[in-house]
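The values are calculated or read from the model by the stated rules, or taken from the named source; none is laboratory data. Keep in mind the model is a prediction, meaning the values are calculated, not measured. For neighbour counting, all protein chains shown are included, and Cβ atoms are generated from backbone atoms with ideal geometry for every residue, glycine included.
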Amino acid sequence: MQSEDTIQQDYFGHDHVTVIGPERGLLDLDLRELWAYRELFLVLVSRDIKVRYKQTVLGIAWAVIQPVTTMVIFSMVFGKFARIPSDGIPYPVFVYAALLPWGLFSTAVSSAGNSMVGSAHLVSKVYFPRVLIPISSVGAGLVDFLISTAILFLLMLVFSISFSIKLFLLPLLLLILIANSLGVGILLSALTVSYRDFRYVIPFMIQIWMYLTPVIYPLSLIPEKWRWLSYLNPMTGIIESFRSIFLGTDLNFIALLFSVIFAAAMLGLSLVYFKRVERRFADVI
Amino acid sequence: MSKPTAVLTVNHLSKRYILGGPDQLNTSFREMLMGTITAPFKRYKALSGQVDESQLFWALEDINFQVHQGEVVGIIGKNGAGKSTLLKILSRITTPTGGSVTIKGNVASLLEVGTGFHPELTGRENIYLNGAILGMHRKEINSKFENIVEFANIEKFVDTPVKRYSSGMYVRLAFSIAAHLEPEILIVDEVLAVGDIEFQKRCLGKLSDIATQGRTVLFVSHNMSAINRLCNRGILLEKGRLRVDGNVNDVIRVYLQDDQAFSNGLWINPDVDDGAEVHVERIEILNEESQATNLFNFNEKIEVKIKYRTSLSRSEFVMGVALADAQGNDLFSSFDTDDDKLRDYTPALINTVSCNIPARLFKPGAYTMTVFSHKHEGFALKTVFLVRLNIEINNVGAVAASSRLGLLQPILNWTTSKIP
């Protein structure tokens, strides 16, 4: 604890010299600064969580109702009526295991995308590393994710699906999922500041993206020779892996590798772009 | 003590803004069609920052100064002089186009109070939220929590969502958090124009406490007596350039002498339309014969006639007149809403209001009259117009002894009745 304090004091303390100038390097991501502002990050996340279900009758129950309802409707429409195959797994669990990571991704991307514009009053009045805004809006979605995960375990009990040893990979997968959500979310948040068009693009981009991702259908439905195309979609690997660790299907390492590469590249690119345009934010927001 | 160190160095600082010009009107259907097709390309160019020279505007040009530890610097200038831009650069909200600023030590900037307050959260939660946004650590807030609540005088409502607060409570809490910051360098914009007079006084008192603790303070205000009281050094900005930098009294004097658009009691706005939300076209200061003048007899009434245009609704703004003496003491301020009749009228496109100041009240001498307009923005007031006009009151008709005590010299009504 003591050493942490000294880091923080060093950073904000008297010896800290700030130079404000027009030109900055391309890769000027001040990780030390981000670390020094971690308390603000936690405060922003807890604000979003606290505010999320305030003045609602059902409160936190919404975190249960939303994914369960989607699961039920998808099971009816795609599982029962359209008879989409599900690799021999009961369709409700099959689709829910995919909706779990997809839910985190889509909420994270849409809330991060609008987060900068939504925080215009902060951006134009006080300084802190701006990238905290989209990052913390992703953080708030994690609570819903945890609740959804608990429901998945219940579903597995109901459908008597045995727990796989691969479940220990969950934290790692979650990390890849978060990195991917951050990459896309941060980029969109920066783009929305300059080009408000993205506010209209994001919801429908997410919708199209979902149908391009094996959420409601199994990857095996795609003909073998076109499957590589689906691998280029980073969410394919993540969703397939989630199914694999929960439902015990085979882990598709190639798809997952693609996701890791994409997530890393996207996150890097987003941060560079964000840093580059960050300086203009207060002027154009 | 050793020589004071420069904690803030501003070096050739410049800031350029891009003005959004209005789109040209399309006259024919064909042009409109073409316009619709080409508009996205034009807009893309504008949004991505490619513009021609005519749309550029220099808010700050080649500003140089140094601030040493413990100095309390007042930054003054008219609206649009670049004060806010300078503060925004110093607080790292926006970056300069050219030049640099070097800051030693931690900075807290208060461009408004209550930044980031969330209406759904309680007072307690907002103290932690706002404190963190202003750069306080959890431990620091923990230790100051009681003091913050006490200063804001909201003990009973700590666990009530702030949306249920009265505007007074809200502002008091917001300021109280800010007042408990302990940065080495404090940057304060005109945040004092909030709350009631009594609370404003407490805010000023708190600010002067901070100033006497050896902290470095940069303070922007239109309130010259506050600047005079708090600051030992002044910086006058004019049209984005640094005009004077020096002893605060000298700088205020230069600033007050400054309005060339004003002569013989008539002020005409040099800008035909400056895009302000309240655009004052002309101000006349009239004597009893309805002649514009800046020289009045002691026993003459003064009428201030303001002609303005606005698109705001009545509840959104007020027009005001204030008077200060040559030493910078504020004598009064008055608003057009003081009169019930003026509170409910709907402003037309062009309006004229008059403020009537009684005779036989002010000591002979030089005065600065401020005509201003405030817009309500949430709980804060934003100055959308402000001009200072110098008038003089001579001793014609005044009582002989002009050296009476007090700032005013009213001729009052005395009566007598026999003691039984």
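List every residue pair whose Cβ atoms sit under 6 Å apart, with the two residues 6 or more apart in sequence or on different chains, where the first one lies in the range B:158-187 and is under 20 Å from B:Ala108 (Cβ atoms) and the second, anywhere, is crowded, with 20+ Cβ neighbours inside 10 Å and among the hydroxyl-bearing types (Ser, Thr, Tyr).
That search, which allows pairs on different chains as well, returns B:Ile185/B:Thr216; B:Ile187/B:Ser91; B:Ile187/B:Ser109.
Pull up the range A:100-136, narrow it to residues that are in contact (Cβ under 8 Å) with a residue 60 or more places away in the chain and not in a helix (DSSP H, G or I), then point me to the one that is farthest from the other protein chains (Cβ to nearest Cβ).
Within the range A:100-136, the match that is farthest from the other protein chains (Cβ to nearest Cβ) is A:Val131.
Return the residues of the range A:57-72 that are farther than 19 Å from A:Leu104 by Cβ and under 26 Å from the mean Cα position of the chain (by Cα); say none if nothing qualifies.
A:Leu58, A:Gly59, A:Val72
Filter the range A:147-180 down to the residues that are small (Gly, Ala, Ser) and either part of a helix (DSSP H, G or I) or in contact with a helix residue (DSSP H, G or I) (Cβ under 9 Å, 6 or more places away or on another chain) (or both), then identify the one that is farthest from A:Pro90 (Cα to Cα).
Restricting attention to the range A:147-180, the residues satisfying the condition of being small (Gly, Ala, Ser) are A:148, A:150, A:160, A:162, A:164, A:179.
So of that shortlist, the ones also either part of a helix (DSSP H, G or I) or in contact with a helix residue (DSSP H, G or I) (Cβ under 9 Å, 6 or more places away or on another chain) (or both) come out as A:148, A:150, A:162, A:164, A:179.
Numbers: A:Ser148: 18, A:Ala150: 18, A:Ser162: 13, A:Ser164: 16, A:Ala179: 30 Å.
The qualifying residue farthest from A:Pro90 (Cα to Cα) is A:Ala179.
Tell me which helices (runs of 4 or more DSSP H) are completely within the range A:181-285 and hold 1 or more residues being of a type in the set (D, E, K, R) and touching a Gly at 6+ places or on another chain (Cβ under 8 Å), or say none if there are none.
Where helices (runs of 4 or more DSSP H) fall fully within the range A:181-285 and carry at least 1 residues being of a type in the set (D, E, K, R) and touching a Gly at 6+ places or on another chain (Cβ under 8 Å), they are A:197-212.
Scan the range A:253-271 for residues that are over 17 Å from A:Val109 (Cα atoms) and surrounded by fewer than 20 Cβ atoms within 10 Å (Cβ to Cβ) and report the count.
5
Specify which of the listed residues (B:Val304, B:Val280, B:Val318) is of a type in the set (A, V, I, L, M, F, W, C), in the same structural domain as B:Thr337 (by TED's automatic domain parsing) and in contact with a Cys (Cβ under 6 Å, 6 or more places away or on another chain).
B:Val304
Could we say that B:Glu184 is in contact with a strand residue (DSSP E or B) (Cβ under 7 Å, 6 or more places away or on another chain) and more than 27 Å from B:Glu120 (Cα to Cα) here?
Numbers: in contact with a strand residue (DSSP E or B) (Cβ under 7 Å, 6 or more places away or on another chain): yes; more than 27 Å from B:Glu120 (Cα to Cα): yes.
It is true that B:Glu184 is in contact with a strand residue (DSSP E or B) (Cβ under 7 Å, 6 or more places away or on another chain) and more than 27 Å from B:Glu120 (Cα to Cα).
Consider B:Ser167 carefully, then state whether it is among the polar types (S, T, N, Q) and under 26 Å from B:Gly80 (Cα atoms).
Details: among the polar types (S, T, N, Q): yes; under 26 Å from B:Gly80 (Cα atoms): no.
Spelling it out, it is not the case that B:Ser167 is among the polar types (S, T, N, Q) and under 26 Å from B:Gly80 (Cα atoms).
Does the range B:319-329 contain at least one residue that is in contact (Cβ under 8 Å) with a residue 60 or more places away in the chain, out of contact with any strand residue (DSSP E or B) (no Cβ under 9 Å at 6 or more places or on another chain) and either of a type in the set (A, V, I, L, M) or not in a loop (DSSP other than H, G, I, E, B) (or both)?
no
When you go through B:Phe57, B:Phe29, B:Phe65 one by one, which is the residue that is modelled with pLDDT under 75 and among the aromatic types (Phe, Trp, Tyr)?
Within the list B:Phe57, B:Phe29, B:Phe65, the selection yields B:Phe29.
Just wondering, is there one or more residues in the range B:95-116 that are surrounded by fewer than 23 Cβ atoms within 10 Å (Cβ to Cβ) and more than 10 Å from every other protein chain (Cβ to nearest Cβ)?
No: the range B:95-116 contains no residue that is surrounded by fewer than 23 Cβ atoms within 10 Å (Cβ to Cβ) and more than 10 Å from every other protein chain (Cβ to nearest Cβ).
May I ask you to list the residues in the range B:355-404 that are charged (D, E, K, R) and at pLDDT 80 or above?
The answer is B:Arg360, B:Lys363, B:Lys375, B:Arg388, B:Glu392.
Residues in the range A:34-49: is at least one crowded, with 19+ Cβ neighbours inside 10 Å, within 21 Å of the chain's Cα centre (by Cα) and more than 14 Å from chain B (Cβ to nearest Cβ)?
No.
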